[in-house]
1. In nm, to one decimal, how far is the modelled label at residue 185 from the one at residue 235, with both set 7 Å along Cα→Cβ?
2. Counting pairwise Cα distances across the stretch 38-134, what percent come out greater than 15 angstrom?
3. Report the local net charge at residue 176: Lys and Arg +1, Asp and Glu -1, summed over other residues whose C-beta lies under 12 Å from its C-beta.
4. For the stretch 38-134, give me the percentage of DSSP beta bridges that are antiparallel, rounded to the nearest 5 percent.
5. Hydropathy at least -1.0 by Kyte-Doolittle, axial extent at least 20 angstrom from the Cα trace: which helices of the chain, defined as entire DSSP H runs, fit?
6. What list do you get for 47, 82 if you sort them by fewest beta carbons within 10 Å?
7. Per residue of the chain, what 222 nm ellipticity follows from adding -39500 (n - 2.57) for every DSSP H run with n ≥ 4, rounded to the nearest 500?
8. Loop only per DSSP, at most 13 neighbouring Cβ atoms within 10 Å: give me the GluC sites (Glu not before Pro) in the stretch 110-189, ordered by residue number.
Amino acid sequence: MKSNFEYNLCNWCLKRQYIKNYRLKEIVEDCEICHGIENQIYKISYKIIQATRDYQYDTFLIGLTLDHSFYDNEDKFRSRFKIRGKENIKASLLREIRKNFGKISNKKIDLNSPDITVNLQIGKKFETTVSVNSSTVILSGRYRKRKRFRSISNNSDNVDCLEINQRHIENLLKKKLMTLFHSKSIIFWPLGKEEPESLVLGNGRPFYVTIKNSKLISFKHGFSIRSNGLVFNIKEKLPILPKAIPFYIKKVRTLVTCEDNLKSSDLKLINDLGIRIIESYSRGYKSWNFIYQMQSELKTQKKFELLIVCDNRFPIRRFINGDENVSPNLYQILDKRCMCEFFDILDIASEDD
Ligand SMILES: [Zn+2]
């Protein structure tokens with residue numbers, strides 16, 4: 001059995017064993033535990049710098065998979081001298097790499113929610129591979145639509161119209177964000193929908209975006225994106241998506257055509273409505289929405305403008321067109337068949353606005 005003086009250990013490995021009176025030796029590569037891995041720390045840090053140079057971030061975390069031979073060497077030494085409960089080579093190496101990389105990159109370590117996570121694999125002969133993952137970027141913003149999109153076929157039903165419009169907006173936003181964030185994994189979550197012909201004015205429609213594998217993780221200010229008459233205002237970066245959908249009220253302007261001539265007493269029926277609860281069925285689900293206010297103004301004998309203040313999820317067109325799954329609808333209130341020509345969103349507001 002070797003006495004401890006016969007072991008060749010570098011000072012870096014020796015310090016970790018906490019042995020008193022051990023004779024220090026001027027060795028590095030001959031170290032029987034690490035074979036001089038301490039000298040690799042700068043090289044490894046530089047490799048991480050290379051791997052992360054395209055990322056814009058503030059905080060990082062580094063994980064390490066180290067070849068088992070290094071543990072085996074250390075275990076052998078420790079069992080010989082019955083050393084227990086001391087920091088092992090991996091923990092020690094990782095701490096040094098984190099410290100060194102932090103110094104070179106001028107970025108901060110964050111153990112809980114780092115902007116990027118670096119995974120290191122170090123082999124027996126110090127072969128090092130570096131992989132980088134960035135945390136999902138979650139943005140909140142609003143979009144305004146100041147141009148009407150081209151009307152689509154009258155054959156498609158309202159649900160299709162809303163879907164097509166949303167997909168179109170989503171594609172425009174994604175195209176811009178892909179270039180900006182160098183990511184192909186983007187999800188768009190708007191709060192509510194409108195038709196292709198609808199304008200979205202005021203502060204715009206709230207939305208969230210999640211971006212995976214982004215190269216841009218840290219930025220200080222909100223920003224705006226313009227595309228095809230749309231303005232997307234990105235307000236802030238969120239740590240997580242909200243657990244419940246925030247509550248919003250919308251103000252809508254619509255043009256309504258009536259099958260019969262209208263009298264001012266008809267419009268009185270609408271204007272005097274007060275607050276109403278409207279029940280609606282859609283795809284097997286029942287929901288209730290409030291109309292807080294309705295105001296109408298005669299434009300021609302058969303046309304009137306209708307301003308509605310209601311919950312954000314209220315189905316405007318179905319209400320006006322007298323959909324039997326919306327109750328009461330405008331037909332039931334007015335006793336006249338009506339049709340919604342178009343509707344524009346004048347504003348969407350939350351209690352915090
Ligand atoms: Zn060593």
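Readers should treat all values here as calculations from the given coordinates under stated rules, not as data from a laboratory. Since the structure is predicted, the reported quantities are computational estimates derived from the model, not experimental observations. Heads up, the Cβs are rebuilt from the backbone with ideal geometry, glycines too, and the neighbour counts pull from every protein chain shown.
1. About 2.7 nm, to one decimal.
2. Details: 2847 of 4656 pairs.
Result for the distance tail: 61 percent.
3. Numbers: positive: 174, 175, 226; negative: 170.
Net charge around residue 176: +2.
4. Details: 7 of 16 bridges.
Antiparallel bridges: around 45 percent, rounded to the nearest 5.
5. Details: long enough: 89-105 (23 Å, -0.24); 158-181 (34 Å, -0.22).
Span-like helices, by this rule, are 89-105, 158-181.
6. Ascending Cβ contact count within 10 Å gives the list 82, 47.
7. -8000 deg cm²/dmol
8. Working: sites: 127, 163, 170; in loops: 127.
Loop-located and lightly packed - 127.
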